[in-house]
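Participant: Below is the structure I would like to discuss, written out as structure tokens.
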Amino acid sequence: MKKAWLGAVLALGVMTGAASAQYPNKEIQGIIQWGAGGSTDVVSRSITPHAEAVLGGKVVLQNVTGGVGAIGLNKAADAAGDGYTLLYGAENPLLYKVMGLGQKDYSDFVPVNVIARGTAILVARNDAPFNTFPEMLAYIKANPRAVKFGSTGPGGLPSVITAMINSKTPIQVTAVPYDGDGPALTALQGGAIDVMPAVVGAAIENIRAGRIKALTIMDTAAHPALPNIKPITDTHPEFKQYLPWGPFFGVFVKKGTPDDVVKKLVDSFAAGAKNADFLKMMEGRAFTMLNLSGKDADAFLGKWQSTTAWLLQDAGMAKNAPDKLGIPKP
Amino acid sequence: MREGHIRRPGEAVFSILMAAFSLFLLWKAIEIDGFSALSSSGALPMGAAATMVVSAVLIAMKTLKSEPDKTETFAVNILPRDVWTGVALIIAYAVLLVPLGFLPTSFLFLFVMTKALSGRSWFFCLWTSAVTLVSIYLVFRVVFAVLMPEGIVPEGQILAWFGKLLSGGK
Amino acid sequence: MAGFSSFFTPFIDPKLLFLIATGTWAGIYIGAIPGLSVTMAVSILISFTFSWDVLPALALMAGIYMGGVYGGSRTAILLNIPGAPAAIATSLDGYPLAQKGQAGEAIGITTTVSFFGGMLGILVLATAAPIVSEFAVRVQPRDYMMLAILGLLLVGSLSGESLIKGVFAGAFGLLIGTVGMDPLTVADRFTFGFDALRGGISFVAVMIGMFGISEALVQLHDVHKEAVRQNISKIVPSWATILKHMPLSLRCSTIGVIIGALPGTGGDIAALMAYDHAKRTVKNPEVPFGQGAIEGLVAPETANNAAVGGAYIPMMTLGIPGDSVTAIMIGALFIHGLNPGPMLMIDKPDMFWYIVGSLTLGTIFMLIFGLTGIRFFVKVVEMPRTVLLPMIILLSIVGAYAVNNSLTDVYWTLAFGVLGYFMKCYGYQLGPVILGVILSRLLDDNWRRAIISDQESLWLLLKGTLMSPLSIVLFGSIIFLLVSKTALWKRLFTRAA
């Protein structure tokens with residue numbers, strides 16, 4: 001009896017030992033930095049099944065939220081670097097060090113795929129007394145501090161866009177904080193705030209339905225989903241310095257993961273990002289596909305971090321100076 | 001459960017601890033942002049902590065004034081053997097969960113607790129603990145895909161092996 | 001009424017019928033087990049139903065949602081452990097009934113009024129969704145703030161014998177809710193330099209600790225006592241009983257639908273407010289509140305199921321989630337290639353009526369399963385406590401972990417379990433703690449939004465309040481509750497705590 005049991009354990013050991021040569025030989029844990037139902041969650045849950053098909057393994061997705069995503073990132077960074085823990089994240093970690101939110105960021109990870117980016121748009125409530133970006137600037141100049149801008153806290157997209165505007169065309173507004181762009185856009189419809197810098201995908205359905213109006217696209221060209229809205233560079237070419245800029249989504253794995261495992265993950269997600277159903281969903285939410293990995297992904301992340309960190313620094317929002325953290329000036 | 005003006009064993013100490021704890025939290029709340037603005041991050045924490053301090057001090061004063069209950073003792077009415085066994089096992093569980101992993105820790109917990117409480121036969125306790133653990137594991141791990149700390153049992157690989165077995169060895 | 005025929009789609013398609021039945025049945029169990037939540041189940045389903053069509057996926061989710069909200073009452077009545085936050089108020093009168101052996105009757109009336117509340121919520125969804133959502137969107141930060149204050153006044157109803165201990169517990173709850181990184185300014189609050197504390201203390205971890213673990217510890221006191229035999233011969237309540245409680249049900253359904261439809265508040269707050277409303281308006285219950293009053297079951301249970309229909313209102317009309325479950329459903333709609341938003345009801349009215357149909361069917365199944373599957377639950381409760389209590393503690397631990405896959409949450413659950421045990425021993429009610437945690441963010445965020453919008457001026461805030469009809473009503477209610485004879489003041493002054 002005892003011998004048989006021992007044999008079984010041994011057999012199991014041999015079996016698992018042999019199988020570990022083939023990655024993946026067990027479920028992979030996928031940590032999503034943001035809550036269920038949000039943009040990061042939707043993108044992660046949509047791409048994963050297509051990547052799984054190529055990978056030949058199952059990824060169990062979990063939302064680990066809190067601390068602007070830092071809790072999830074730390075959990076992924078604390079796991080063994082064996083490729084069995086993936087991090088699905090957005091742009092926020094690149095600002096953790098600057099904002100004093102944590103000691104770890106994407107430099108502790110290898111980008112598997114930088115999937116897509118969003119474009120920022122400036123929207124206003126329908127009865128706001130301005131219809132374009134220049135009109136808004138004039139109104140704010142005439143009524144300092146009276147216009148309420150929605151915000152999602154320092155480091156969030158609205159704060160970066162507001163800092164961008166401030167650096168070229170200084171404005172005096174009141175920033176009212178919300179927990180995310182969803183609640184802030186709701187508040188915009190109810191008149192609790194006047195203007196909201198948001199990502200196109202979150203605002204587009206409300207613009208189409210005429211519940212809010214778009215002032216300008218924060219990009220160098222019009223967005224295919226909203227061809228009639230003029231980009232900000234049409235009236236203010238000085239913004240070209242920062243653009244294109246936008247929040248992004250990516251899949252990451254801890255640094256130190258074996259190269260063959262990383263390669264397998266990169267190939268799987270690159271294939272998944274080309275799936276037709278996935279592309280259709282991303283188009284519906286007005287995201288621009290990037291599908292970057294390796295050096296391209298590193299370059300993208302580096303440029304994003306440098307632009308944004310210095311914007312926040314110049315706006316006086318940064319807690320730690322970017323040059324001290326080794327983030328080059330753009 | 002208790003009369004209005006009679007103090008239960010340990011209640012005086014508890015009420016003083018609560019008051020001290022509230023004071024500590026108020027100090028920490030003031031440290032957040034000071035009295036910088038009505039909208040500061042520290043506003044609600046300070047308000048809540050101040051309310052705690054005031055009420056805890058009132059409670060402590062009233063408790064200290066009341067008569068102690070002569071019919072009750074701490075060891076019988078507040079923390080009898082069964083309860084402190086429970087508390088001790090809960091603490092042990094928290095300590096062992098990460099190094100041992102979910103399956104062994106939970107099994108030990110169920111088994112020791114059932115055995116200590118019921119004093120029934122080894123077989124009965126082993127059997128009920130095993131059935132309980134297997135059902136919880138099936139619901140949470142297999143159906144809801146909750147990944148608990150693995151510890152010393154490589155359950156992920158065992159599960160994957162079963163999965164492959166079921167899907168025809170592929 | 002474009003697309004109305006889709007209302008019947010789930011009734012005539014056997015596959016959809018089966019899925020809704022399965023969902024509702026599973027939902028009852030998911031709701032009943034502390035630690036398994038509808039939010040969790042629905043987010044798992046997003047991945048699980050990824051390759052399905054959108055209709056079956058939504059059918060399954062609607063069933064789970066309706067069943068899950070109802071299921072929380074089971075364990076609240078039978079074990080004094082609410083399976084879900086929306087069932088906290090249910091245990092106040094449900095458990096005393098079970099201790100008298102009347103669990104069957106309690107479950108019967110709960111099921112009936114849950115059905116009634118669910119149906120009324122759906123009726124409002126079907127007939128008045130655009131109006132209600134237009135109203136819900138216009139609710140301003142200062143109104144949410146006053147709603148939270150109104151909620152805090154419930155401490156008076158939940159405190160038991162000592163109001164001052166209730167106030168302490170409520171303030172403690174508010175403070176627990178603020179722990180972690182402040183999402184509005186990224187300032188650390190009570191984190192003591194620990195990264196793990198940045199994410200805050202999960203509300204569910206506190207709830208499971210205080211209601212699951214500490215209740216199990218209390219029950220260890222008489223672990224060797226025989227479980228109360230439950231009489232389950234009479235389950236379906238009589239017409240007379242149903243008719244008697246109809247007016248209360250109607251009022252509480254209204255509370256449920258409105259609170260449910262407001263983005264940012266859900267069934268948990270609705271149920272507590274309804275309980276408080278019952279306590280204030282029902283003058284002579286047959287049995288006093290807190291000792292097994294039927295009214296104490298009717299109020300929260302109608303309200304929380306009515307809140308389900310309410311939560312769908314802003315989701316279907318504007319693409320705005322009414323609560324955490326509908327937030328995930330919106331994500332599911334995106335994944336299935338739909339674009340939820342204000343255009344959905346105009347472009348795809350059939351989708352709206354299909355959802356209304358699925359919810360109706362789910363509510364009907366809830367009634368059927370609720371009235372028939374009682375024997376199993378009662379059997380579980382009649383198990384020897386020496387086996388049942390370790391099982392409950394372990395379930396609580398796993399459940400606390402599962403909410404956010406966080407070990408920190410497990411430690412919190414255990415700590416709050418032990419603390420809650422001592423609080424119970426020394427006459428503190430735990431209801432106000434949970435109330436404080438639920439309302440903390442609502443109060444904190446909206447207070448700050450309101451005061452920032454009014455340039456940090458209390459005078460402007462008051463002026464703004466007196467300019468809006470809704471704000472005046474809320475402000476007046478707060479003042480009224482504070483000075484009225486049943487409320488805080490009188491108890492504070494007459495009993496001197």
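The values are calculated or read from the model by the stated rules, or taken from the named source; none is laboratory data. Remember, it's a predicted structure, so these values are computed and weren't measured experimentally. Every residue, glycine as well, gets a Cβ built from its backbone with ideal geometry; the counts of neighbours run over all protein chains shown. The accessibility values were calculated without ligands, DNA or RNA, using every heavy atom of the protein model including side chains. Shrake-Rupley method; radii C 1.70, N 1.55, O 1.52, S 1.80 Å.
Participant: Return only the number of the condition from (1) at the interface with chain C (Cβ under 9 Å from one of its Cβ atoms); (2) within 29 Å of C:Phe48 (Cα to Cα); (3) touching a Lys or Arg at 6+ places or on another chain (Cβ under 8 Å) that B:Gln157 does not satisfy.
Facilitator: (1)
Participant: If B:Thr128 satisfies every condition in (1) open to solvent by 50 Å² or more (accessible area, probe 1.4 Å); (2) facing chain C (nearest Cβ under 9 Å) but one, which is the exception?
Facilitator: It fails just one condition, (1).
Participant: Counting only residues that are hydrophobic (A, V, I, L, M, F, W, C), away from chain A (no Cβ under 14 Å) and surrounded by 21 or more Cβ atoms within 10 Å (Cβ to Cβ), give me the helices (runs of 4 or more DSSP H) lying completely in region C:143-229 with at least 3 of them.
Facilitator: Values: elements: C:155-158, C:163-178, C:195-198, C:203-207, C:214-219.
By residue number, C:163-178.
Participant: Ok, one more. I want to confirm something. Restricting to region B:10-47 and keeping residues that are over 19 Å from B:Val57 (Cα atoms) and more than 9 Å from chain C (Cβ to nearest Cβ), which single residue is modelled with the highest pLDDT?
Facilitator: Narrowing region B:10-47 to residues over 19 Å from B:Val57 (Cα atoms): B:31-44.
Among the residues that remain, those that are also more than 9 Å from chain C (Cβ to nearest Cβ) are: B:31, B:34-36.
Working: B:Glu31: 87, B:Gly34: 80, B:Phe35: 82, B:Ser36: 81.
So the residue we want is B:Glu31.
Participant: Considering each of A:Ala116, A:Ala53 in turn, give the residue that is within 30 Å of C:Thr39 (Cβ to Cβ), in contact (Cβ under 8 Å) with a residue 40 or more places away in the chain and open to solvent by 40 Å² or more (accessible area, probe 1.4 Å).
Facilitator: Working: A:Ala116 fails: open to solvent by 40 Å² or more (accessible area, probe 1.4 Å).
Only one candidate qualifies: A:Ala53.
Participant: Further question on the same structure: Under 6 Å by Cβ, and 6 or more places apart or on different chains, what pairs join a residue from region C:326-343 that is more than 8 Å from every other protein chain (Cβ to nearest Cβ) with one that is open to solvent by 20 Å² or more (accessible area, probe 1.4 Å)?
Facilitator: From residues that are more than 8 Å from every other protein chain (Cβ to nearest Cβ), the pairs are C:His336/C:Val54.
Participant: Checking A:Leu243 against (1) over 26 Å from A:Ala80 (Cα atoms); (2) open to solvent by 30 Å² or more (accessible area, probe 1.4 Å), which test does it fail?
Facilitator: So A:Leu243 meets the others, but not (2).
Participant: Any residue in region C:84-98 that is within 14 Å of chain A (Cβ to nearest Cβ), under 14 Å from the mean Cα position of the chain (by Cα) and within 22 Å of C:Thr265 (Cβ to Cβ)? Before the answer, list the steps.
Facilitator: Here is the first cut: in region C:84-98, the residues within 14 Å of chain A (Cβ to nearest Cβ) are none.
No, the conditions are met nowhere in region C:84-98.
Participant: I've got another one for you. Tell me the residue from A:Ala273, A:Ala297, A:Ala318, A:Ala309 that is at pLDDT below 90 and buried (at least 19 other Cβ atoms within 10 Å of the Cβ), please.
Facilitator: Details: A:Ala273 fails: at pLDDT below 90; A:Ala297 fails: at pLDDT below 90; A:Ala309 fails: at pLDDT below 90.
Among A:Ala273, A:Ala297, A:Ala318, A:Ala309, only A:Ala318 is at pLDDT below 90 and buried (at least 19 other Cβ atoms within 10 Å of the Cβ).
Participant: Looking only at region A:21-38, count every residue that is in a loop (DSSP other than H, G, I, E, B) and either under 9 Å from A:Lys58 (Cα atoms) or within 14 Å of the chain's Cα centre (by Cα) (or both) and tell me the total.
Facilitator: Initial filter on region A:21-38 (in a loop (DSSP other than H, G, I, E, B)): A:21-27, A:33-38.
Still in the running and either under 9 Å from A:Lys58 (Cα atoms) or within 14 Å of the chain's Cα centre (by Cα) (or both): A:24, A:26-27, A:33-35, A:38.
The qualifying residues number 7.
Participant: Still on this model: I'm trying to understand the selection: among the residues of region B:38-58, which are open to solvent by 30 Å² or more (accessible area, probe 1.4 Å) and either of a type in the set (Val, Ile, Thr) or in a loop (DSSP other than H, G, I, E, B) (or both)?
Facilitator: So the first thing to find is which residues in region B:38-58 are open to solvent by 30 Å² or more (accessible area, probe 1.4 Å), and the list is B:38, B:47, B:50-51, B:54, B:57-58.
Hits for region B:38-58 are B:Leu38, B:Thr51, B:Val54, B:Val57.
Participant: Report, by residue number, each residue of region A:203-219 that is open to solvent by 10 Å² or more (accessible area, probe 1.4 Å) and facing chain C (nearest Cβ under 10 Å).
Facilitator: Selection gives A:Glu205, A:Asn206, A:Ile207, A:Arg208, A:Ala209, A:Gly210, A:Arg211.
Participant: Can you go through C:Ala307, C:Ala303, C:Ala293 and tell me which one is surrounded by fewer than 24 Cβ atoms within 10 Å (Cβ to Cβ) and at pLDDT 90 or above? I'd like the intermediate steps shown before the answer.
Facilitator: Numbers: C:Ala307 fails: surrounded by fewer than 24 Cβ atoms within 10 Å (Cβ to Cβ); C:Ala303 fails: surrounded by fewer than 24 Cβ atoms within 10 Å (Cβ to Cβ).
Selected residue: C:Ala293, the only one of C:Ala307, C:Ala303, C:Ala293 that is surrounded by fewer than 24 Cβ atoms within 10 Å (Cβ to Cβ) and at pLDDT 90 or above.
Participant: Every residue in region C:397-439 that is over 20 Å from B:Asn77 (Cα atoms), among the small types (Gly, Ala, Ser), open to solvent by less than 10 Å² (accessible area, probe 1.4 Å) and more than 7 Å from every other protein chain (Cβ to nearest Cβ), please.
Facilitator: If the condition is that a residue be over 20 Å from B:Asn77 (Cα atoms), among the small types (Gly, Ala, Ser), open to solvent by less than 10 Å² (accessible area, probe 1.4 Å) and more than 7 Å from every other protein chain (Cβ to nearest Cβ), then C:Gly399, C:Ala400, C:Gly436 are the ones that fit.
Participant: Count, please, the residues in region A:152-167 that happen to be more than 8 Å from chain C (Cβ to nearest Cβ) and of a type in the set (Gly, Ala, Ser).
Facilitator: 4
Participant: Which of (1) at pLDDT below 95; (2) assigned to a helix (DSSP H, G or I) is the odd one out, the single condition C:Pro342 does not satisfy?
Facilitator: Single failed check for C:Pro342: (2).
Participant: Looking only at region B:1-37, filter to residues that are more than 24 Å from the chain's Cα centre (by Cα), more than 18 Å from C:Lys165 (Cβ to Cβ) and hydrophobic (A, V, I, L, M, F, W, C); which one of those is most open to solvent (accessible area, probe 1.4 Å)?
Facilitator: Top of the filtered list is B:Phe35.
Participant: Picking from B:Leu117, B:Leu103, which residue would you name as being more than 9 Å from every other protein chain (Cβ to nearest Cβ), assigned to a helix (DSSP H, G or I) and either in contact with a strand residue (DSSP E or B) (Cβ under 6 Å, 6 or more places away or on another chain) or within 26 Å of C:Leu217 (Cβ to Cβ) (or both)? Outline the logic, then answer.
Facilitator: Numbers: B:Leu117 fails: more than 9 Å from every other protein chain (Cβ to nearest Cβ).
So the residue among B:Leu117, B:Leu103 that is more than 9 Å from every other protein chain (Cβ to nearest Cβ), assigned to a helix (DSSP H, G or I) and either in contact with a strand residue (DSSP E or B) (Cβ under 6 Å, 6 or more places away or on another chain) or within 26 Å of C:Leu217 (Cβ to Cβ) (or both) is B:Leu103.
Participant: Go through (1) at positive phi; (2) open to solvent by less than 10 Å² (accessible area, probe 1.4 Å) for C:Arg448 and report which single condition fails.
Facilitator: (1)
Participant: Right, here's the next one. Determine whether C:Gly357 is touching a residue at least 60 places away in the same chain (Cβ under 8 Å) and surrounded by fewer than 24 Cβ atoms within 10 Å (Cβ to Cβ).
Facilitator: Values: touching a residue at least 60 places away in the same chain (Cβ under 8 Å): yes; surrounded by fewer than 24 Cβ atoms within 10 Å (Cβ to Cβ): no.
For C:Gly357, the condition - touching a residue at least 60 places away in the same chain (Cβ under 8 Å) and surrounded by fewer than 24 Cβ atoms within 10 Å (Cβ to Cβ) - is not met.
Participant: Please pick out the residue among A:Pro177, A:Pro183, A:Pro170, A:Pro224 that is farther than 16 Å from C:Gly341 by Cα and within 14 Å of chain C (Cβ to nearest Cβ). Walk me through it before giving the result.
Facilitator: Details: A:Pro183 fails: farther than 16 Å from C:Gly341 by Cα; A:Pro170 fails: within 14 Å of chain C (Cβ to nearest Cβ); A:Pro224 fails: within 14 Å of chain C (Cβ to nearest Cβ).
On inspection, the qualifying residue turns out to be A:Pro177.
Participant: Going through region A:284-294 one residue at a time, which ones are in a helix (DSSP H, G or I) and either modelled with pLDDT of 90 or more or more than 26 Å from A:Gly272 (Cα to Cα) (or both)?
Facilitator: Of all residues in region A:284-294, those in a helix (DSSP H, G or I) come to A:284, A:294.
Result: A:Gly294, single match.
Participant: Determine which member of the set A:Lys3, A:Lys97 is charged (D, E, K, R), open to solvent by 10 Å² or more (accessible area, probe 1.4 Å), assigned to a helix (DSSP H, G or I) and at pLDDT below 85. Please lay out each step first, then the result.
Facilitator: On the way: A:Lys97 fails: at pLDDT below 85.
Selected residue: A:Lys3, the only one of A:Lys3, A:Lys97 that is charged (D, E, K, R), open to solvent by 10 Å² or more (accessible area, probe 1.4 Å), assigned to a helix (DSSP H, G or I) and at pLDDT below 85.
Participant: Are any residues in region A:155-168 open to solvent by 20 Å² or more (accessible area, probe 1.4 Å) and more than 15 Å from the chain's Cα centre (by Cα), and if so, which ones? Write out each step before concluding.
Facilitator: Applying the first criterion (open to solvent by 20 Å² or more (accessible area, probe 1.4 Å)) to region A:155-168 yields A:157, A:162, A:166-168.
A:Thr162, A:Asn166, A:Ser167, A:Lys168, listed by residue number.
Participant: A further question on this structure: Can you name the strands (runs of 3 or more DSSP E) wholly within region A:171-283 that have at least 1 residues being touching a helix residue (DSSP H, G or I) at 6+ places or on another chain (Cβ under 9 Å) and free of Cβ contacts under 8 Å to residues at least 40 places away in the same chain? Working first, answer last.
Facilitator: Working: elements: A:174-177, A:195-199, A:212-217, A:248-254.
Those strands (runs of 3 or more DSSP E) span A:174-177.
Participant: What residue, of B:Lys28, B:Lys62, is within 19 Å of C:Tyr426 (Cβ to Cβ) and among the basic types (Lys, Arg)?
Facilitator: Numbers: B:Lys28 fails: within 19 Å of C:Tyr426 (Cβ to Cβ).
On inspection, the qualifying residue turns out to be B:Lys62.
Participant: Name the single residue that is farthest from the chain's Cα centre (by Cα) among those in region A:39-79 being within 7 Å of chain C (Cβ to nearest Cβ), outside any helix (DSSP H, G or I) and of a type in the set (A, V, I, L, M, F, W, C).
Facilitator: Checking each candidate, the answer is A:Leu61.
Participant: Here are some conditions: (1) open to solvent by 10 Å² or more (accessible area, probe 1.4 Å); (2) away from chain C (no Cβ under 11 Å); (3) modelled with pLDDT of 90 or more. A:Gly191 meets all but one. Which one does it not meet?
Facilitator: Among (1) open to solvent by 10 Å² or more (accessible area, probe 1.4 Å); (2) away from chain C (no Cβ under 11 Å); (3) modelled with pLDDT of 90 or more, the lone unmet condition for A:Gly191 is (2).
Participant: Give region B:18-47 a look and list any residue that's aromatic (Phe, Trp, Tyr) and within 27 Å of C:Ser453 (Cβ to Cβ), or say none. Talk me through it step by step, then tell me what you get.
Facilitator: Step one: filter region B:18-47 for residues aromatic (Phe, Trp, Tyr), giving B:21, B:24, B:27, B:35.
If the condition is that a residue be aromatic (Phe, Trp, Tyr) and within 27 Å of C:Ser453 (Cβ to Cβ), then B:Phe35 is the only one that fits.
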